[in-house]
Amino acid sequence: MDALIINYLQDGFPICDTPYLHVANQLGLTEEDVLARLKKLLDNGTLTRFGALYNAERMGGALTLAAIKVPEKDFEYVTNIVNTFPEVAHNYARNHELNMWFVVATETPEQLDNTLAAIEQQTGLHVYNMPKINEYFVGLKLEA
C-alpha cells in the first residue's frame, strides 16, 4: 500500500479542500490511513521529503546551481557551513574537481547574490554560480 501511495502521488497532488481524502478515496483507503502512512514513510527515512516544489523565478525569486572546490580534509566542515543557509535546498558531494554542489533558491535575485557571497565569506572558498540557461521538463517518476 505504501508503494501504491508513493506512485500515485508522483503523478500529482490534488488541489482541493481535502486533498488527502481525495487520495484516500482514489486508493480505497481512509484519509487517516494515508496521513499515517506518509508520516511513517517520512519518520523511517523511506521518504526524505514530501511537499510542493515551487518555481522560485516565477514567484520573483532566483534559483541557481552552485559548486565549490573543497579540500577533502575540510569537506565536512564546509558542508556544515553551507547547510546552515536556509536558502540551500540540497547539497551533495561529486567526484569532480568541483566536489561540492548545491542548489540555492531565494526570494529575490539580490538575495541570491548575497547568499553566494556570504557562503564564500564564511567558507573562504570561491563559489561557482551556474545559473540555468534553458529549462527542460524531464518528468522523472521513480516507481516504488
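Between Phe85, Ala62, Phe102, whose Cα lies farthest towards the positive end of the dipole of region 57-130 when Lys and Arg beta carbons carry +1 and Asp and Glu beta carbons carry -1, centred on the Cα centre?
Going by the Cα projections, it comes out as Phe102.
So what are the radius of gyration and Dmax for the Cα set of region 8-144, in Å?
Looking at region 8-144, its Cα Rg and Dmax stand at 18.6, 55 Å.
Give the Kirkwood hydrodynamic radius (Å, one decimal) of region 57-130, defined as one over the mean of 1/r across all pairs of different Cα atoms.
12.2 Å
Return the FRET efficiency for the residue pair Ala36, Ala89: r is the Cβ-Cβ distance, R0 is 35 Å, and the value is rounded to the nearest 0.05.
0.80
Could you pull out the trypsin sites (Lys or Arg not before Pro) across region 35-65 that fall in loop regions by DSSP (anything but H, G, I, E, B) with no more than 15 other Cβ atoms inside 10 Å?
Arg49
Just the number, please: Stokes-Einstein D of region 2-43 in µm²/s, Kirkwood Rh from C-alpha pairs, 10 °C, 1.306 mPa s.
The diffusion coefficient I find is 155 µm²/s.
Restricting to lysines 8 or more places apart or on different chains, can you count the pairs in region 21-144 with Cα atoms under 30 Å from each other?
Count of close lysine pairs: 4.
Find how many whole Å separate the alpha carbon centroid of region 82-104 from the alpha carbon centroid of region 113-144.
Distance between centres, Cα-based: 7 Å.
Every number in this text was worked out from the coordinates using simple rules, so none of it is lab data. Quick caveat, the model's predicted, so the values are computed rather than measured. Here Cβ is always computed from backbone atoms with ideal geometry, including for glycine, and neighbour counts include all displayed protein chains.
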